[in-house]
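Down below is the structure, laid out as structure tokens.
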Amino acid sequence: MQKLNRVLLKLSGESLLGAQGHGIDGEVLSRYADEIREAKETGTEIAIVIGGGNIFRGVRGATQGMDRVQGDYMGMMATMINSLALQDALERKGVHTRLMSAIRMEQIAEPYIRRRAIRHLEKGRVVIFGAGTGNPYFTTDTAASLRAIEIEADAILKGTRVDGIYDSDPEINPDAKKFESISGDEVLKLRLSVMDLTAFTLCRDNKIPFLVFDMNERKNLARVISGEPVGSRVHWD
């Protein structure tokens, strides 16, 4: 695979937990900032969407009696907390950033405007997209797919705690088979949990590839961006 020139990096909020049961692990945050800085030094333009599951998950709140819409808006606020933390970690390492929010909160973030986001990327800034899509009932996976399409990213890079896509959970089944490359149709056929269906459909309809890789493996992000065969790639051929 060729070097990627512009990417959308999707991180889960849970990835920031580290060994903690809740909140943000400072060591994990710093390590991710190092990974992003080193990847940025390859010349690739990087945008980021990060979830909020380490702080609050709207769907979980809804199952416990909370109004779903209210819970989803709380989840969007959680993504902003994580986005602010990641922005601070990157800035402290000398990386120029911009945080853009789908919900207006001018004191801490710019409102999301597509052309402005692209301009920031062209100027070499890492752009963090917070607050999901700004609408309830949509996950941060969907927000990542939507923003990737809008900024015309070469690919979505989904950084997880596993090293790719498997036919079953490798943390439960030691004999799980890993796919180096797999078509989107095959993902659907096998009912693999890669992204939620709305996000997946957006990627399919717009033919945007995505790669799943282990974000906790040192220098993996830079290797993926450079075109090395890391993780698993979903294609639409």
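Read-outs throughout are calculated quantities, based only on the coordinates presented, and are distinct from any laboratory measurement. Since this is a predicted model, take the numbers as computed values, not measurements. FYI the Cβ positions are ideal-geometry reconstructions off the backbone, even for glycines, and counts take in every protein chain you see.
Assorted remarks:
- Axial C-alpha extent at least 27 Å, average Kyte-Doolittle at least -0.5 - helices from the chain (DSSP): 68-92
- Cα gyration tensor shape of the chain, rounded if a/c is under 1.5, else prolate or oblate by comparing a/b with b/c: rounded
- Electrostatic dipole magnitude of the chain [Cβ: Lys, Arg +1; Asp, Glu -1; Cα centre; debye, to 20]: 640
- Cross-link pairs beyond the 25 Å C-alpha cut-off, checked among LYS3/LYS219; LYS10/LYS93; LYS40/LYS178; LYS3/LYS123: LYS40/LYS178
- In this structure, THR198 and LYS93 have a Cβ-Cβ separation that, at R0 = 41 Å, corresponds to a calculated FRET efficiency of about 0.75.
- Sorted by Cβ neighbour density within 10 Å, fewest at the top, the residues SER168, SER232, SER12: SER168, SER12, SER232
- Relative contact order computed over the chain (Cα-Cα under 8 Å; 6+ residues apart), in percent: 24
- The residues ILE128, ILE118, ILE172, ILE55, when put in order of fewest to most other Cβ atoms within 10 Å, stand as ILE172, ILE118, ILE55, ILE128.
- Shape of the stretch 43-158, Cα gyration tensor, a/c cut at 1.5: prolate
- Estimated [θ] at 222 nm from DSSP helical runs (n ≥ 4, -39500 (n - 2.57)) normalised by residues in the chain, nearest 500: -11000 deg cm²/dmol
- Scanning residues 5 or more positions from ILE128 or on other chains, those with amide H under 5 Å from its amide H are ILE48, ARG98, LEU99, MET100, with H placed 1.01 Å from N in the peptide plane.
- In this simple spin-label model, placing a label point 7 Å from the Cα along the Cα-to-Cβ direction at both LEU190 and MET77 gives a separation of 4.1 nm.
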